[in-house]
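What follows is a set of notes on a single structure, which appears directly below.
The values are calculated or read from the model by the stated rules, or taken from the named source; none is laboratory data. From a predicted model like this one, the values you see are computed outputs, not experimental measurements. Here the Cβ is made from the backbone with ideal geometry for all residues, glycine too, and neighbour counts use every protein chain on show. What goes into the accessible areas is simple: the full protein's heavy atoms, side chains included, and nothing from ligands, DNA or RNA. Shrake-Rupley method; radii C 1.70, N 1.55, O 1.52, S 1.80 Å.
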Amino acid sequence: MKIKIILPGQKPFVMEIEKGLRAEEVLTKLPEKPAHQIYGCNIDGYAENLNFVIEEECTLRFLDITDPYGNMAMQSSLVLLYLKAVHDILGKEIKVSIANSLSKGVFTIIHGSPVSEETTRKIENRMQELVKKNLPISEKEGNRRQILQWLKQKNRAEELSLYESAPDISGGMICALEEEEDLLYYHAVPKTGYLNLFELKKYRNGILLRFPHPSSPDLVLPFEEQRLLYEAFSEENHWEKLCGISLARDLNQAIEKGQEKELIALSEALHEKKIAEIAEMIHHRGKRIILIAGPSSSGKTSFAKRLCIQLRVIGLKPLYLGTDDYFIDRKDLPVGPDGKKDLESLHAVDINLFTSQMNDLLAGKKVDLPTFEFVQGIKEYGKRITSIEAGQPIVIEGIHALNPALTEDIPEDVKFRIYISPLTQLNLDEHHRVPTTDARMLRRLVRDYRTRGRSAAETIDDWPSVRAGEEVNIFPYNSQADVFFNSQAIYELAVLKKYAEPLLKGIKVSQPEYSEAQRMLEFLSFFVPLKDESCIANNSIVREFIGGSVLVS
């Protein structure tokens, strides 16, 4: 029997196999080993466990962590291993919460037991013992009725309330490592031996479970302190408590009870309060160059303009600029490895012009600011000849705004740096977090369709290159920030579902983006849609994506 094999980063090839082989067995018979550890597979567009038995001709695609499903399958399986080790060391009654992503891993909280360096080491050693034993991880896939029955039998009230609040959830996977059972929403790896790449680190009041990143699939990167990011997640946790929302079921229940107007008003008020605090900070410190950066679909433009309004409220007259207007002419743009003009490189920005104009403005000189004309790919002049008063701040938004190389010739004491990203603390349940990357991708998908007429498939196809650019141009510099702004609205996934779901459902099984569309649809199934968003203010960051914004055209 012939099947088509697709390995990450390699050309597809056809292979003759015996009928009835498991996908894992096929993996051992490949003529060449995959470049990185495989964690899952996809058969004819559908995600499957590596124990899936192949009975007929098909296309078999193996998944490592450079694939979103493969990445989440690894993380879900590793969390199961972690829970098993925690319970082996500290007792079955100990409750564990998987909180948020942090420092190339996830931050976890162990309730009811003090966390020490010694405890952390014992849990890590137990995990390593379980990996060396290469124990099987069993998996039983169930439909909605079967999962509901299991949750009731096991008296798992939290997950049961999630299922009861979200009628779109179709099912799940009941996975077990010896006596440790958990409900997973991604197929698990077949054995613990697949999970040999991890480390534990005691951090603050919890433990960091760290693992490889898609940018380095074969190793756990050295720990880097992310104090501001930790504080931003802590602030988001406080916001969610104020709103009474910490899990997906809380959001669903609030919507079903008709409490969405109050929830939206409170969420937006928290944003406005934070923006006002940042404006006061800038004023108090006397900063003149305000630099705003963040990854794709963070809401940078809406935030920057709302910040300008708050600066005006306290008597300042900010000048708003975008670094996009300082692109070098298209004919002179650098070419990336793919042979295309690279708009995301810092070398695409005319740094000399930018620096000289910012310093001239600070000195009170009149400047002819460029406007980049994207159709022709050139800078145009004569439309924005301006100067600013002493003390007047300049608000600058762009992907490279926090890169020191952009502003190294501007005096350091005038700069104030802001990093913005939607940092969701919302969890599906105690063991399953909402990835910030998925929330951003949904924003981009909805906005691209509305403003550019781009299909969901095109956005999904572009997303890996967008993420790769962020790893180079944005994430390395977030530690430069003076403050983080969390642009996540607590209610927004319920809003985005209404717009994103039909776009994702329009992707056909024959399209290469189908499997990722199905993954996102399964993620959205945990939320009930907020059908009437008329009460969302027209200056909300969410409006930048769904439309109706007075700040972004």
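Taking region 154-169 as the search range and keeping residues that are under 20 Å from residue 93 (Cβ atoms) and touching a residue at least 60 places away in the same chain (Cβ under 8 Å), which one is most open to solvent (accessible area, probe 1.4 Å)? That would be 158. Of the candidates 478, 538, the single residue that is touching a Ser or Thr at 6+ places or on another chain (Cβ under 7 Å) and open to solvent by 10 Å² or more (accessible area, probe 1.4 Å) is 538. Scanning region 1-49 for residues that are under 25 Å from the mean Cα position of the chain (by Cα) and closer than 13 Å to residue 61 by Cα yields a total of 13.
Would it be correct to say that residue 234 is within 22 Å of residue 540 (Cβ to Cβ) and hydroxyl-bearing (Ser, Thr, Tyr)?
Values: within 22 Å of residue 540 (Cβ to Cβ): no; hydroxyl-bearing (Ser, Thr, Tyr): yes.
The answer is no for residue 234.
Which residues, counting only those in region 123-150, are in a helix (DSSP H, G or I) and under 24 Å from residue 90 (Cβ atoms)? Lay out the reasoning, then the answer.
Applying the first criterion (in a helix (DSSP H, G or I)) to region 123-150 yields 123-132, 144-150.
Of everything in region 123-150, those that are in a helix (DSSP H, G or I) and under 24 Å from residue 90 (Cβ atoms) turn out to be 123, 124, 125, 126, 127, 128, 129, 130, 131, 132.
Yes or no: region 358-373 includes at least one residue that is open to solvent by less than 30 Å² (accessible area, probe 1.4 Å), of a type in the set (Ser, Thr, Tyr) and over 26 Å from the mean Cα position of the chain (by Cα). No, because not a single residue in region 358-373 is open to solvent by less than 30 Å² (accessible area, probe 1.4 Å), of a type in the set (Ser, Thr, Tyr) and over 26 Å from the mean Cα position of the chain (by Cα). Quick check, is residue 151 buried (at least 18 other Cβ atoms within 10 Å of the Cβ) and either free of Cβ contacts under 8 Å to residues at least 24 places away in the same chain or out of contact with any Pro (no Cβ under 9 Å at 6 or more places or on another chain) (or both)? Yes.
Inside region 340-357, residues that are in contact with a helix residue (DSSP H, G or I) (Cβ under 7 Å, 6 or more places away or on another chain), open to solvent by 50 Å² or more (accessible area, probe 1.4 Å) and not in a loop (DSSP other than H, G, I, E, B) make up a count of 1.
Counting residues in region 497-506 that are in a loop (DSSP other than H, G, I, E, B) and farther than 23 Å from residue 237 by Cβ gives one or more. The set of residues in region 217-238 being under 19 Å from the mean Cα position of the chain (by Cα) and assigned to a helix (DSSP H, G or I) consists of 227, 228, 229, 230, 231, 232, 233, 234, 235, 236, 237.
Can you say whether residue 319 is touching a Pro at 6+ places or on another chain (Cβ under 9 Å), aliphatic (A, V, I, L, M), under 22 Å from residue 411 (Cα atoms) and open to solvent by 10 Å² or more (accessible area, probe 1.4 Å), as far as the supplied structure shows? Judged against the criteria, residue 319 is a match.
Of the strands (runs of 3 or more DSSP E) entirely within region 1-92, those holding at least 2 residues that are within 30 Å of residue 179 (Cβ to Cβ) and touching a residue at least 60 places away in the same chain (Cβ under 8 Å) occupy 46-48. Annotation: of all residues in region 322-339 being open to solvent by less than 70 Å² (accessible area, probe 1.4 Å) and in a loop (DSSP other than H, G, I, E, B), the one that is nearest to residue 401 (Cα to Cα) is 328.
Within the set 70, 45, 91, 40, the sole residue that is under 28 Å from residue 521 (Cβ atoms) and surrounded by fewer than 21 Cβ atoms within 10 Å (Cβ to Cβ) turns out to be 45. Restricted to helices (runs of 4 or more DSSP H) entirely inside region 245-313, those with at least 3 residues that are among the small types (Gly, Ala, Ser) are 260-285. Could you tell me which of the residues 222, 214 is touching a Ser or Thr at 6+ places or on another chain (Cβ under 7 Å) and open to solvent by 40 Å² or more (accessible area, probe 1.4 Å)? Unique residue meeting the criteria: 214. For region 155-178, enumerate the residues that are out of contact with any Ser or Thr (no Cβ under 8 Å at 6 or more places or on another chain), over 14 Å from residue 253 (Cα atoms) and of a type in the set (A, V, I, L, M). Scanning region 155-178 gives 157, 173, 174.
Within the group 14, 26, 53, 79, which residue is over 28 Å from residue 511 (Cβ atoms) and of a type in the set (Val, Ile, Thr)?
Working: 14 fails: over 28 Å from residue 511 (Cβ atoms); 26 fails: over 28 Å from residue 511 (Cβ atoms); 53 fails: over 28 Å from residue 511 (Cβ atoms).
Residue meeting the stated conditions: 79.
For region 1-34, what are the residues that are within 21 Å of residue 512 (Cα to Cα), surrounded by fewer than 19 Cβ atoms within 10 Å (Cβ to Cβ) and of a type in the set (Gly, Ala, Ser)? If the condition is that a residue be within 21 Å of residue 512 (Cα to Cα), surrounded by fewer than 19 Cβ atoms within 10 Å (Cβ to Cβ) and of a type in the set (Gly, Ala, Ser), then 9 is the only one that fits.
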